[in-house]
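Presented below is the structure to which this report refers.
Every number here is computed from the coordinates shown, using simple stated rules; none is lab data. Quantities reported herein were computed from a predicted structural model and do not represent experimental measurements. FYI the Cβ positions are ideal-geometry reconstructions off the backbone, even for glycines, and counts take in every protein chain you see.
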Amino acid sequence: MEIIKAVMLGAVQGFTEFLPISSSGHLVLVSELLDFQGQGLAFDIFVHFGTLISVCIVFRKELSAMLAAPLAVFRGRADEELRRFFYWDIYVVVATLPAVAVGLFLKDSIDGIFNNILLVYCMLFVTGVIMSVAHYIKERSVSLNCPRALLIGCAQALAIFPGLSRSGSTIFAGMALGLNREIVARFSFIMSIPAILGAVVLQSRELLQHPPESGSLLMIASGMIASAICGYFAIILLLDIIRRNRLQWFGYYCLLLSSGGLLYTLVLS
């Protein structure tokens, strides 16, 4: 039964990490529903690692070009496409800075909020509003640059609050700045890589001090595999939905979920 719960929680992490409905918020809610709050640090780290695997697989060509671009530029052998990816390297670094600042200086202050169900529902409501509004934002065909990347990174840093979607916040911020919605979605996915990797590295130090018991390894592996598979399909699905400009679907879902949760928490419970 614990393995089944681990697979379900891993699947939730995979789908919601990239769909604009908040992975942290759904993990809190589903953990409560499954009575599976004690999965441990190792489980959290490896389901996040599963989503990292999925985004690297989907964007393997772009990542390969981004890795090759700096050397090609410094050697003077970069064509126009490699120069574009070299700039993307810079933009990803700039966009990651706010999340690094939050992770280093506010981590201890933020850890406690993940047990606040009321906050989760409030932040899900905010996610629902911005995703509903995103449908009506007109593209202005502006280009990505460092100031815009930094603002998108600030949106990513704000998504530390459970219930506020990282992908939803960053995609909305990019669209509000006038960027093409498909370009900003791809940038959002790629800039999630250092953010997820950084979170994994920060937690790994504690994991080395308190390694998981051998009996829990199958549960951890099951959750990670489920997270990687579901994350892969979530990215493919969201890219298709963004092309068709249907982000409001996620907004309606979040508004419905948050309204029902707030009603139950404040009135019925």
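Exposure proxy ranking for R84, R75, R181, R243, based on other Cβ atoms within 10 angstrom of each Cβ and starting from the fewest, stands as R75, R243, R84, R181. Only one residue of P212, S169, I196 has its Cα farthest out toward the positive end of the dipole of the chain, where Lys and Arg carry +1 and Asp and Glu -1 on Cβ, and that residue is S169. The ranking of F161, F105 by Cβ neighbour count inside 10 Å, starting from the fewest, reads F105, F161. Summing Lys and Arg as +1 and Asp and Glu as -1 over all other residues whose Cβ lies under 13 Å from the Cβ of L238 gives a net charge of +3.
Span-like helix check, the chain: qualifying full DSSP H segments, with Cα axial length of 27 Å or more and mean Kyte-Doolittle of 0.5 or more, are 80-105, 181-209, 217-243. Put in order of Cβ neighbour count within 10 Å, fewest first, the listed residues T96, T170 become T96, T170. Of Y136, Y91, Y253, the residue with the greatest mean-square motion in the GNM of the chain, using alpha carbon springs below 10 Å, is Y136. Spin-label pair L97-I57: with each label point 7 Å from Cα along the Cα-Cβ axis, the two points sit 3.5 nm from one another. In terms of packing, defined here as the mean over residues of other Cβ atoms within 10 angstrom, the peptides 229-241, 254-266 line up highest first as 229-241, 254-266.
Less than 14 Å from a label point 7 Å out along the Cα-to-Cβ axis of E213: which backbone N atoms in region 45-85 qualify, by residue? Taking a point 7 Å out along Cα→Cβ of E213, no residue of region 45-85 has its backbone N under 14 Å.
Potential lengthening of the chain between L150 and L118 amounts to 8.5 nm, from the contour at 0.36 nm per residue minus the alpha-carbon distance. Placing pseudo-labels 7 Å out from each Cα toward the beta carbon at D240 and R205 gives an inter-label distance of 4.3 nm.
The stretch between S143 and D89 holds 17.9 nm of extra length on full extension. This uses 0.36 nm per residue minus the Cα-Cα distance.
Of A234, Y136, S259, whose Cα points farthest to the positive end of the dipole of the chain (charges on the beta-carbon: +1 Lys, Arg; -1 Asp, Glu; origin at the Cα centre)? It is Y136.
Computed on the chain, with alpha-carbon pairs under 8 angstrom and 6+ residues apart, the relative contact order is 39 percent.
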